[in-house]
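**Student:** The structure under discussion is supplied below as structure tokens; questions concerning it will follow.
The values are calculated or read from the model by the stated rules, or taken from the named source; none is laboratory data. In this text, all values refer to a predicted model and were calculated from it rather than measured experimentally. In this analysis, Cβ positions are derived from the backbone assuming ideal geometry, glycine residues included, and neighbour counts consider all displayed protein chains. The area values use the complete protein model at the heavy-atom level, side chains included, leaving out ligands, DNA and RNA. Shrake-Rupley method; radii C 1.70, N 1.55, O 1.52, S 1.80 Å.
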Amino acid sequence: MKTNSEAAGDSRAVLDRAALAGIREAVRPVIEGRLAARRGAEPVRREVLVCHGGSCVSCHAVPVADVMERVIGERGLADRARVVRVGCMGLCDAGPLVLVVPDGVYYPRVNESLARRIVEEHLGAGTVLDEAELTWEGPGGEVLRSREVPFFARQLKIALRNCGVIDPGSLEEYVAADGYRALEKVLFEMEPGAVLDELKRSGLRGRGGAGFPAGLKWQFVRDARGDVRYVVCNADEGDPGAFMDRSILEGDPFSVIEAMTIAGRVIGSNQGYVYVRAEYPLAIERLGAALDRARQAGLLGCDILGSGFDFDVEIRIGAGAFVCGEETALMHSIEGKRGMPRPRPPFPAQKGLWNRPTLLNNVETWANVPPILLRGAEWYAAIGTARSKGTKVFALAGAVRNTGLVEVPMGISLREVVEELGGGIRSGLPFKAAQSGGPSGGCVPASAADVPVDYESLQELGAIMGSGGLIVMDEGTCMVELARFFMEFIVDESCGKCPPCRIGNRVMLNVLERITRGEGREEDLDLLERLGDHIRTSSLCGLGQTGPNPVLSTLRHFRQEYEVHVRERRCPAGQCRALLTYTIVEELCNGCHACTKACPAGAIAGELKHVHRIDQDVCIHCGACLNACPTGAIEAR
Amino acid sequence: MSTVSSELSEQGERAFFGACVQGGGEPIDPEAYRIVDRWIERNPGGRERLIPLLHAVQEHLGYLPFPVQEYVAERLGLSPIEVYGVVSFYHFFTTTPRGRYQLKVCMGTACFVNNAQTICDVVGDLLGIGVGEVTEDRLFSLEQVRCIGACGLAPAMMVNDEVHGHLTPNAIRKLVRRLKAAARKEREARKGEADGENEQ
């Protein structure tokens, strides 16, 4: 079987429109075949798509793919089957995940010996390995297989359309999957005004958090006075718990490059920057390779596709500062300065990078642009709710069974996301709450999980859409401790420029620490609320203005839990160490002395190979014994 | 007025950096300066080059010693305090050497609700160091990082550039044992090489 670049002819040449059409014709059937796997189809030739998203790579997806390639060679199956290393398929929990197309059979947690069997039995003999296939128990107890599994069946992929389908390193595959058709349309068929109009009518809103209408933003930059303009992609995905931007850059880097090129044409800019976190080495590597390839093919640089339009994109790597996700801070960082925000206005649309008009969108927003221009605003606007159009990618993590990335239409209920796509709670404990929007967001309690997910309804609940990180929590998570965790994050990441954020959040953290240590005071809850309100209204940038949200939203929905901490000195979820009582379970203790050595207070006594005992009067509730015990004999309540 | 204050601040800077350098006392690989020179030659431009340049230096040295920061400032036409301001602002940059194995425990939300604090405590206890410290033999350093985006694998930790997920205290004990063994082997191999050369 030829590789796709061979099928498309000389892969090193500069491409014109005819060449793009040629690639589409040659490679399109391959991509169609992969997409057909979502419906199921009769196989003639098979491909094995091995997920090479960051998460699967750290579960050893690379050696799995290597083994498959080797065995295909050994068994002489090269003309019937082939391995493709694709981007993130979404179900990180099942990594390394493998999909055989066009049959549409998923194999989860593939190791090297299973990889060998998949090649020999499925690719070679055509027999599906039933016992290794991904299955799920349906609502009526029936067994659902592979693509019927709700995690996949319930999704609608627009931003993630190519992730897990194409090889992120192959321009040919991207082109065959309708890549660069939107750019061609913008360069040769549409007026910039018509592009803006299309974007505005689509109702696309910024996916980075604030949800500002994308079309309007583009318009502002186009209308701003100045001769030099910049296009920036915000890939400083700092919200802990969100990883959709990383997955898009790793799985479909060309779509971001194409969208930025389109924007360059529309707003009149010749230079773009992608600001990526240093914590994402794989995304940086793949984006860099895609930029090189696009330049080489003439899809970046001078006179793109013979249109006379010049555009190029450079990568800027962050250096670990959460606040750099804020747009003015991000631009300072690109300029080589400390990433401190500045007051707005002037907005970046007027004065951005080096004081020039600058268009800033986040990765997911960019990835939505080409399909909208290709399929039309009406198609996009038909998806979603009245004021939130299209789809949203959520990163499901925490206590949920299926951790990973899902893309769902706006307006779906949180409960559907958590219980159907997410598969419910792993531990079997009741679903308690979902935290949306990271340190700037808030909690949605299980009791409110039936509201449709869109920008407005989440805001009403005191949470925010944010970038789409969704941390699911069961009854084993203490909401006070969670609030303390986020406040610690904010205090750490505050740039220190404005006092409400620098000092106010610090004071809030002190109060929360006091409460989790069991030294809370009756007036503390009101103090938190009052202080939080002040900080929200008086801080300079988004970080400070939203920093108190996790505290305020947990106070609103779980006030009783705070009260138990303060009045009864008790942590109902069993997470606040200082409020727990530690005992040794006799049946599990093997008398190894690990805990006696670890205890800083000398509170544990017992002879070697005999059951140990903790003296509760001496115990300082530090939990060191809990960590040290190799047999799990320490019980904390 | 302005000259006086600028002189004062310059003196202040020198005193500050002087103190830092004495405090460090670490001999600096002269290659560091050549890296700066070569990088600047290859990448023409202005101050926006500062952060990429610091990345390049830290990638080679593992940290950013003050004399090298001063040199970077001189080459880019900035004052040392501007460079130090940037270095101290960003978590990624460090002014102290790190270990051969840099353990970065993820403290993102997903890891946090999956008991990342316990994981971090166990690692620290095993190595006998706290967060931000390095073992005496320079083998291990321990840091906490914000979300590494491996939320599906929580709790997770990076060892240099490699992600380890679904950690438990026992898995960490095994991992640390393995790393120690690997380091021992490496040291012996190096020693063997050196001995071999000496014999010749």
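**Student:** Give me the dipole magnitude in Debye, nearest 20, for the protein assembly as shown about the Cα centre, with unit charges on the beta carbon: positive for Lys and Arg, negative for Asp and Glu. Display every interim value, and only then the final one.
**Tutor:** Working: 95 positive and 110 negative charges, 146 e Å.
Result for the protein assembly as shown is approximately 700 debye, rounded to the nearest 20.
**Student:** How would the stretch B:101-199 be classified by its alpha-carbon gyration tensor: rounded, prolate or oblate, with rounded meaning a/c under 1.5 and the a/b versus b/c comparison settling the rest?
**Tutor:** Details: a/c = 2.66, a/b = 2.37, b/c = 1.12.
Prolate, since a/c reaches 1.5 and a/b exceeds b/c.
**Student:** In square angstrom and rounded to 100, what buried accessible area do you get between chains A and B, total over both, with the probe at 1.4 Å? Before the final figure, lay out each step's value.
**Tutor:** On the way: alone 25140 and 12170 Å², together 33650 Å².
Chains A and B together bury roughly 3700 Å² of accessible area.
**Student:** To the nearest 500 deg cm²/dmol, what mean residue ellipticity at 222 nm is calculated for chain A from DSSP H runs of n ≥ 4 alone, each contributing -39,500 (n - 2.57), summed and divided by the residues? Don't skip to the end; give the middle numbers.
**Tutor:** Values: 25 runs with 230 residues, N = 637.
After summing the helix terms and dividing by residue count, I get -10500 deg cm²/dmol.
**Student:** Work out, in µm²/s and without decimals, the Stokes-Einstein translational diffusion coefficient of the stretch A:4-151 at 4 °C, 1.567 mPa s, Rh from Kirkwood over C-alpha pairs. Intermediate results must be reported in sequence, preceding the final value.
**Tutor:** Working: Rh = 16.2 Å.
For these conditions, the coefficient is 80 µm²/s.
**Student:** At 0.36 nm per residue, minus the direct Cα-Cα distance, what do A:LYS609 and A:THR581 gain on full extension? Give it in nm, one decimal, please.
**Tutor:** So the chain would gain 7.7 nm between A:LYS609 and A:THR581.
**Student:** Taking a ≥ b ≥ c as the square roots of the Cα gyration tensor eigenvalues, with a/c under 1.5 meaning rounded and otherwise prolate when a/b beats b/c, else oblate, which class fits the stretch A:269-348? Show your work: numbers first, answer last.
**Tutor:** On the way: a/c = 3.88, a/b = 1.54, b/c = 2.51.
Since a/c reaches 1.5 but b/c is at least a/b, the shape of the stretch A:269-348 is classed as oblate.
**Student:** Still on this structure, please answer the following. I want to check the label-to-label distance for A:GLU529 and A:VAL228. Put each point 7 Å from Cα in the C-beta direction and report it in nm to one decimal.
**Tutor:** Output for this residue pair reads 5.2 nm.
**Student:** For the stretch A:603-619, list residues with backbone N below 20 Å from a point placed 7 Å from the Cα of A:THR631 toward its Cβ?
**Tutor:** A:603-615
**Student:** For chain A, find the longest principal axis of its Cα atoms and tell me its angle to the long axis of helix A:524-538, 0 to 90°, nearest 10.
**Tutor:** 30
**Student:** Moving on. How much length, in nm to one decimal, is gained on full extension between A:GLU148 and A:ARG344, taken as 0.36 nm per residue of separation minus their Cα-Cα distance?
**Tutor:** Numbers: separation 196, 0.36 × 196 = 70.56 nm, distance 4.83 nm.
Using 0.36 nm per residue and subtracting the Cα-Cα distance, I get 65.7 nm.
**Student:** How much accessible area per residue does chain A have, counting only protein heavy atoms and a probe of 1.4 Å, in square angstrom?
**Tutor:** Numbers: 23390 Å² over 637 residues.
On a per-residue basis, 37 Å².
**Student:** By accessible area of protein heavy atoms, probe 1.4 Å, what ranking do A:THR365, B:THR95, B:THR118, A:THR537 get, highest first? Let's see the in-between values first.
**Tutor:** Values: A:THR365 5, B:THR95 50, B:THR118 25, A:THR537 120 Å².
Greatest to least solvent exposure: A:THR537, B:THR95, B:THR118, A:THR365.
**Student:** Hey, another quick one. When the solvent-accessible surface of protein heavy atoms is calculated with a 1.4 angstrom probe, in what order do A:TRP354, A:TRP366, A:TRP136 fall, highest first?
**Tutor:** Details: A:TRP354 90, A:TRP366 0, A:TRP136 50 Å².
In descending accessible area the options line up as A:TRP354, A:TRP136, A:TRP366.
**Student:** Shifting gears a bit: Which part of the stretch A:181-208 falls in the paramagnetic zone of A:ARG17, meaning amide N under 19 Å from the point 7 Å along Cα-to-beta-carbon?
**Tutor:** Under 19 Å, as judged by backbone N against the label point of A:ARG17, lie A:181-195 of the stretch A:181-208.
**Student:** From largest accessible area down, sort B:ARG173, B:ARG75; use a 1.4 Å probe on the protein chains. Walk me through the intermediate numbers first.
**Tutor:** Details: B:ARG173 50, B:ARG75 95 Å².
Ranked from most to least accessible, the order is B:ARG75, B:ARG173.
**Student:** Right, here's the next one. Please say if chain A is rounded, prolate or oblate, where rounded means a/c under 1.5 for a ≥ b ≥ c the square roots of the C-alpha gyration tensor eigenvalues, and otherwise the choice is prolate for a/b larger than b/c and oblate otherwise?
**Tutor:** Values: a/c = 2.11, a/b = 1.29, b/c = 1.64.
The shape class here is oblate.
**Student:** Please compute the volume of the convex hull spanned by the alpha-carbon atoms of the stretch A:391-477 and report it per residue in Å³. Can you show the working numbers first?
**Tutor:** Values: hull volume 6.4 nm³, N = 87.
Dividing the Cα hull volume of the stretch A:391-477 by its residue count gives 74 Å³.
**Student:** Within chain A, how many Lys pairs sit with Cα atoms under 16 Å apart, leaving out pairs fewer than 8 places apart on the same chain?
**Tutor:** Values: A:LYS157/A:LYS389; A:LYS157/A:LYS392; A:LYS200/A:LYS217; A:LYS200/A:LYS389; A:LYS217/A:LYS351; A:LYS337/A:LYS497; A:LYS597/A:LYS609.
The number of close lysine pairs in chain A is 7.
**Student:** Considering all alpha-carbon pairs of the stretch A:179-381, what whole percent are spaced by more than 32 angstrom?
**Tutor:** Details: 1630 of 20503 pairs.
Distances greater than 32 Å cover 8 percent of the Cα pairs.
**Student:** Further, regarding this structure: Modelled label-to-label distance, A:ASN355 and A:GLU285, 7 Å Cα→beta-carbon offset: nm?
**Tutor:** Calculated label separation equals 4.2 nm.
**Student:** Compute the FRET efficiency between A:PHE212 and A:ARG567 as 1/(1 + (r/R0)^6), taking r as their Cβ-Cβ distance and R0 = 41 Å, and round to the nearest 0.05.
**Tutor:** Values: r = 43 Å, r/R0 = 1.05.
FRET efficiency, A:PHE212 to A:ARG567: 0.40.
**Student:** Let me ask you something else. Heavy atoms only, probe 1.4 Å: what % of the accessible area of the protein assembly as shown goes to carbon and sulfur, would you let me know?
**Tutor:** Values: 16660 of 33650 Å².
Looking at the protein assembly as shown in its full context, I get 50 percent from C and S.
**Student:** Report, in degrees rounded to the nearest 10, the 0 to 90 angle that the Cα long axis of helix A:61-74 makes with the longest principal axis of chain A.
**Tutor:** For helix A:61-74, the angle is close to 50 degrees.
**Student:** Could I ask something else about it? Taking only the C-alpha atoms, wrap a convex hull around the stretch A:580-636 and report its volume per residue in Å³ as a whole number. Can you show the working numbers first?
**Tutor:** On the way: hull volume 3.6 nm³, N = 57.
Given the Cα convex hull of the stretch A:580-636, per-residue volume reads 63 Å³.
**Student:** Would you please give the FRET efficiency between A:ARG556 and A:ARG517, computed as 1/(1 + (r/R0)^6) with r the Cβ-Cβ distance and R0 = 35 Å, to the nearest 0.05?
**Tutor:** Numbers: r = 23 Å, r/R0 = 0.66.
So the FRET efficiency works out to roughly 0.90.
**Student:** Rounded to the nearest 20 debye, what is the charge dipole size of the stretch A:285-403 about its Cα centre when +1 sits on each Lys and Arg Cβ and -1 on each Asp and Glu Cβ? Walk me through the numbers before you get to the answer.
**Tutor:** Working: 15 positive and 11 negative charges, 100 e Å.
So the magnitude is around 480 debye.
**Student:** Assuming R0 = 35 Å, what is the FRET efficiency of B:GLU74 and A:GLU314, from their Cβ-Cβ distance, to the nearest 0.05? Display every interim value, and only then the final one.
**Tutor:** On the way: r = 26 Å, r/R0 = 0.73.
Once rounded, the FRET efficiency stands at 0.85.
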